[in-house]
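Down below is the structure, laid out as structure tokens.
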Amino acid sequence: MARLRVALCQINTVVGDLDGNVARILAATKEVDVRKGDLAVFPELTITGYPPEDLLLKPGFIADNLRALDAVAAGTTDSPVTVVVGFVDGSDQLHNAAAVCANGRVIGTYRKRLLPNYAVFDEQRYFKPGEGPPPLFEVGGVTVGVSICEDVWFPAGPVALMADAGAQLVVNLNASPFHAGRVEQREEMLARRSSENGCAVVYVNQVGGQDELVFDGASMVFDARGSLIARAPQFVEHLQVLEVDVGANGGAVDEIAPRSDPTEEVYRALVLGTRDYVNKNGFTDVVIGMSGGIDSSLVAVVAVDALGPEHVHGVSMPSRFSSEGSKHDAADLAARLGMSLRSIPIEPAHAAFLTMLDPSLGDRPPNLTEENLQSRIRGVLLMALSNEHGWMVLTTGNKSEMAVGYSTLYGDTAGGFAVIKDVPKTLVYELCRHRNRLVAGPLINEDVLSKPPSAELRADQRDDQSLPPYELLDPIIEAYVEHDLTRAELEQAGFDPVLVNRVTHLIDVAEYKRRQTPPGVRVTPKAFGKDRRLPITNRYSG
């Protein structure tokens, strides 16, 4: 019975860090050698990081990536391990490719056949698909096929061709971004693909944050019967070496890391995405406007879990409308988290601006202008602290607010990273309760969870004075934004027509605002930004 010791090298690469990525690959390869592995499999585009986007238009970047591949191949000179890594093949046209390295050289190359061009993927902008019969490789007496990400998703795709040609095991290099429920989708697909082709499938996924995207790892191995025999944990780097029996009777089960529940998955994605965005962009510390509300509370807890309390700085910026309860809730949370909190009341600046503007505003009741002014003063203060101390500003707006434009340009939208911009308000509450359950005493006190949401920009203000209740709003946003239903289809699905027209209009006219907001962690199947790209100037009202 043929067996192969395979290593799932689930590493966290950095886009453009060619030398750093090579060092990560070589360090993992050395560990696989120590653990007597035969085949080390790395994620998609391991050398460049994923997605490299328009770096691929630079000829010098392609040449440097090829030199980096040579360094990886040279690292196998005195090792019995065969290494499969992702790189950009630029020998003629650009290809998303995998190199098979052994005995100090590249012994073969596979070029990705199926190039995704939907959702967050733009691979057809850069790459040409591979052609011809896919190559097979002999490793430790086992016939191995190599495929890349999308290639494994289609029944009649490259994996079937490899199995028909005699592959006993097919490896699949991935950079598959996270969204809620994605692991289950992958697992169901891989079980089908391995069983229908009668060959083992080794699926290795990248881990880490890259701008809006988070890669959750969860690398897996399925035997020829379609049974899961190994799964790496989510959201952490992991190197797992296991013996894969490629026979028809299947193989022994190795470590199968548990799947996180849906809420825990999202929370861990937020933590990893925040940590990597801050650190990979050269920052160590962040600053957050702490209002005492549930959104800023969740962002603060995520930031502390991501970076440590000593690297998170809260700022309370009370106005004439801030309640004592909100000020207390902000201070209480900061104390529980062990993070710093300073108070900078905005009333002096607010009064000065109103005096300055009085001749231009005239004699009329206060309105949205005065409300937004407070938010913009807070944005100025946070950016001043950012300039002075080198702290990245984390904004606190959620997806529900982003969708309907319930935010202030150059105010609460001003910052470097929007941690929860893809988290609907109803999920914000779930995430806070989830995090509270992980400690003996709750971090976020019950007052924050139970009080009516309010921006506190005018006396006795509540969100539901300007918006529908979030339990009604969020399902419409999901259907209109994530599922692309029209107004007519929303009404046919049973949503109230008046509410549909109101909410969809708010979503449509807020597009110009969303274009000016910072990036944030993608946790749903369709996020604002890389996922959903609509024209700002747009008169379609369907």
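Okay, here's what the table says:
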| item | result |
| --- | --- |
| Net charge, Tyr410 excluded, C-beta distance under 12 Å - Lys, Arg +1, Asp, Glu -1 | +2 |
| Highest average packing first - 405-411, 340-346, Cβ atoms within 10 Å | 405-411, 340-346 |
| Loop chymotrypsin sites (Phe, Trp or Tyr not before Pro), the range 38-131, which have at most 12 other Cβ atoms in a 10 Å radius of their Cβ (DSSP) | Tyr118 |
| Share, in percent, of DSSP beta bridges within the range 3-258 that are antiparallel, nearest 5 | 65 percent |
| Per-pair calculated FRET efficiency, R0 = 60 Å: Glu446 and Arg539 via Cβ, rounded to 0.05 | 0.80 |
| Footprinting exposure proxy for Thr13, Thr77, Thr109 (fewest neighbouring C-beta atoms within 10 Å first) | Thr77, Thr109, Thr13 |
| Residue-span extension gain [Asn367 to Asp17] - 0.36 nm each, minus C-alpha spacing | 121.0 nm |
| Radius of gyration and maximum dimension Dmax of the range 265-463, Cα, Å | 16.5, 56 |
| Cα Rg over Rh - the range 349-429, Kirkwood | 1.06 |
| Hydrodynamic radius of the range 3-258 per Kirkwood, over alpha carbon pairs, in Å | 17.6 Å |
| The chain - share of DSSP beta bridges that are antiparallel (%, nearest 5) | 55 percent |
| Whole-Hz ³J(HN,Hα) from phi, Karplus 6.51 cos²θ - 1.76 cosθ + 1.60, for the range 522-530, glycine and proline x | 8, 10, 10, x, 9, 9, 5, x, 5 |
| Placed amide H near Met290: partners under 5 Å, 5+ positions off or other chain | Val315, Ser316, Met317 |
| Ellipticity estimate at 222 nm from DSSP helix runs (n ≥ 4, -39,500 (n - 2.57)) divided over the chain, nearest 500 | -11500 deg cm²/dmol |
| Between the range 117-140 and the range 277-304, the alpha-carbon center distance in angstrom | 38 Å |
| Length added when fully stretched, Leu438-Arg182, from 0.36 nm per residue minus Cα-Cα | 89.8 nm |
| Asp122/Val253 FRET efficiency (R0 41 Å; Cβ-Cβ; nearest 0.05) | 0.60 |
| Whole-angstrom gap from the range 173-228 to the range 444-480, using each part's C-alpha centre | 37 Å |
| Estimated distance in nm for a label pair at Glu53 and Thr486, the labels positioned 7 Å out from Cα along Cα-to-Cβ | 3.3 nm |
| Option label - semi-axes √(5λ) of the Cα gyration tensor in Å computed here, alternatives (1) 47, 24, 22; (2) 54, 50, 15; (3) 38, 27, 23 | (1) |
| Beta bridge orientation in the range 169-320: antiparallel %, DSSP, nearest 5 | 50 percent |
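Read-outs throughout are calculated quantities, based only on the coordinates presented, and are distinct from any laboratory measurement. Please read these numbers as outputs of a predicted model, since none were measured by experiment. With ideal geometry, Cβ positions are generated from the backbone for all residues, glycine too; neighbour counts draw on all protein chains shown.
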